[in-house]
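The values are calculated or read from the model by the stated rules, or taken from the named source; none is laboratory data. Computed from a prediction, not measured in an experiment: that's the story for all the values here. Note that each Cβ is placed from the backbone with ideal geometry, even for glycine, and that neighbours are counted across all protein chains shown.
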């Protein structure tokens, strides 16, 4: 079942033009420009999502447009980063080339609605798997495990751990796991729609810190050298998964198969090294959870 997405794709294109003027080099694919291989005429059981997408020759994937290293709109006007490369690997196994992927900007607050409403086929957007989300969507993976950390101004010596955030104004993103964790911790949470929008409150002193997954914070540091630093150790575990419509077990199994194959054949590591690996060390991926 293919859905009408004209308005969303147009909005995504407009956002791409906006971000392309200010995006940095983080998340840019490696110099070799290698793209994941695309299967020729793959065959799938009739009636499955895989067969439907392969026949259509296109797929719509929700991702972040402002996350350095994972999903950031670059000079090309297209999103770049590790999440984007994972999406290309999955699309390639469906016989879909990168130019036939429709990328839709998907912020933390609209990931579940976009999946539930059929506006996207998948969401790959630094998307933590948790039990609350699994009530309404399904997840393949995890394909990466992050941990919530704390970003402060380079000269800040007062914040050393999550205990120092209690009662303090801390910026995070609406609808995100980190924002919920901060509230449970007792911080005064300043919420916005994207993590890049947390940087000005931090610079101005409106917030004492920004808190989210360590890999996201590393991307912000990479884009703003000399301004910020990460303090303390990660205080949560954040397994990133690939969101899809609830109950589509065959599609979930297929994506898990693709992920495991990418671990074995080296394409996962290549995707990492050309994106997030320009800043962060490679770590073996976690085992997928075939729940």
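Annotations
- Residues of the stretch 51-74 classified as over 22 Å from the mean Cα position of the chain (by Cα) and surrounded by 18 or more Cβ atoms within 10 Å (Cβ to Cβ), total: 1
- Number of the condition not met by residue 291 [criteria: (1) outside the structural domain of residue 86 (by TED's automatic domain parsing); (2) over 18 Å from the mean Cα position of the chain (by Cα); (3) crowded, with 16+ Cβ neighbours inside 10 Å]: (3)
- Residue that is crowded, with 16+ Cβ neighbours inside 10 Å and touching a residue at least 40 places away in the same chain (Cβ under 8 Å), where the choices are 169, 142: 142
- For the stretch 180-189, taking the residues that are in a helix (DSSP H, G or I) and out of contact with any helix residue (DSSP H, G or I) (no Cβ under 8 Å at 6 or more places or on another chain), the one that is surrounded by the most Cβ atoms within 10 Å (Cβ to Cβ) is identified as 181.
- Subset of the stretch 247-266 [in contact with a strand residue (DSSP E or B) (Cβ under 6 Å, 6 or more places away or on another chain) and more than 19 Å from residue 52 (Cβ to Cβ)]: 259
- Taking the numbered list (1) surrounded by 23 or more Cβ atoms within 10 Å (Cβ to Cβ); (2) part of a helix (DSSP H, G or I); (3) assigned by TED's automatic domain parsing to the domain that holds residue 133 in turn, residue 264 passes all entries but (1).
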